[in-house]
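Heads up: the structure comes next, in structure tokens.
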Amino acid sequence: MSASKWISTSMPYLTPRERDQGDAWSADAAAQGRRGSQRIVHAGEVPAPAEVAVLLGIADGEPVVVRRRLILLDDEPNELTDTYYPVGVARGTALAGTAKIRGGAVTLLAELGHVGALVREDVTAGLPEEEEQRALRLTPTEPVLRLTRLTLDRDDRPIQVDRMVMPARCQQLRYEIRIG
């Protein structure tokens, strides 16, 4: 792996962490000899965007809790991630605030009784929007990958939607599927 390429697997970000562990992103980056950090640029209730509303099974514009983050790798922008939660899951919890959550959001969700059992990810490619260009330091013609992840609990209720945007030039997405 070159210093400029990042190989990402989803599994560490779907599994609750032990109480004494930090967040999955920092641990994943450290395991690859890199430094991972993030800035929470916004958290709180917003009207659900149309795509998010469909995935959460709610009306377009209905309130949801969002955490908007700029993900950094070795202090350079690596990804933009917006994570959306139904208000019944996240309202009044640390998910609705800008403070770092020990062990990450998936760990807090599990502590609140919301454990993911099924995850669906869709990946597309395209050109960045103006805000994405600025945040990720891209030119208008540099392609990005867009990953949308829906997490459902054991009763097939949606508990989380992640919308990620990352520069295509330095990303490799790896999917490992264990059967049986």
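Taken together, the values in this text are just the output of simple stated rules run on the coordinates, not laboratory data. Note that this is a predicted model, so its numbers are computed, not measured. Here Cβ is always computed from backbone atoms with ideal geometry, including for glycine, and neighbour counts include all displayed protein chains.
Below, the figures for the structure above:
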{"item": "HN-Hα J in Hz across the range 126-134 - Karplus 6.51, -1.76, 1.60, θ = phi - 60°, x for Gly and Pro", "result": "x, 9, x, 6, 4, 4, 5, 4, 5"}
{"item": "Protection-proxy order for peptides 161-171, 45-55, each taking the mean of Cβ atoms within 10 Å per residue, highest first", "result": "161-171, 45-55"}
{"item": "Where labels lie 7 Å past Cα in the beta-carbon direction, separation of ASP122 and ASP156 in nm", "result": "1.8"}
{"item": "Kirkwood-Stokes translational diffusion coefficient of the range 6-173, alpha-carbon pairs, 20 °C, 1.002 mPa s, µm²/s", "result": "131"}
{"item": "Sequence-distant residues sharing a close amide H with VAL144 (under 5 Å, placed H)", "result": "GLY126, LEU127, ALA168"}
{"item": "Net charge of Cβ neighbours under 14 Å - reference VAL46; Lys, Arg +1; Asp, Glu -1", "result": "-1"}
{"item": "Packing-based exposure ordering (other Cβ within 10 Å, fewest first) of THR151, THR141", "result": "THR141, THR151"}
{"item": "Note, ³J(HN,Hα) from phi for the range 38-46, Karplus 6.51, -1.76, 1.60, rounded to Hz, x at Gly and Pro", "result": "8, 10, 8, 8, 6, 8, x, 8, 9"}
{"item": "The range 6-173, relative contact order [Cα under 8 Å, separation at least 6], %", "result": "24"}
{"item": "THR141-SER37 pseudo-label distance in nm [points 7 Å out on the Cα-to-Cβ vector]", "result": "3.4"}
{"item": "Karplus 3J(HN,Hα) series, Hz, for the range 150-161 with 6.51 cos²θ - 1.76 cosθ + 1.60 (x for Gly, Pro)", "result": "10, 10, 10, 7, 4, 9, 6, 8, x, 10, 6, 10"}
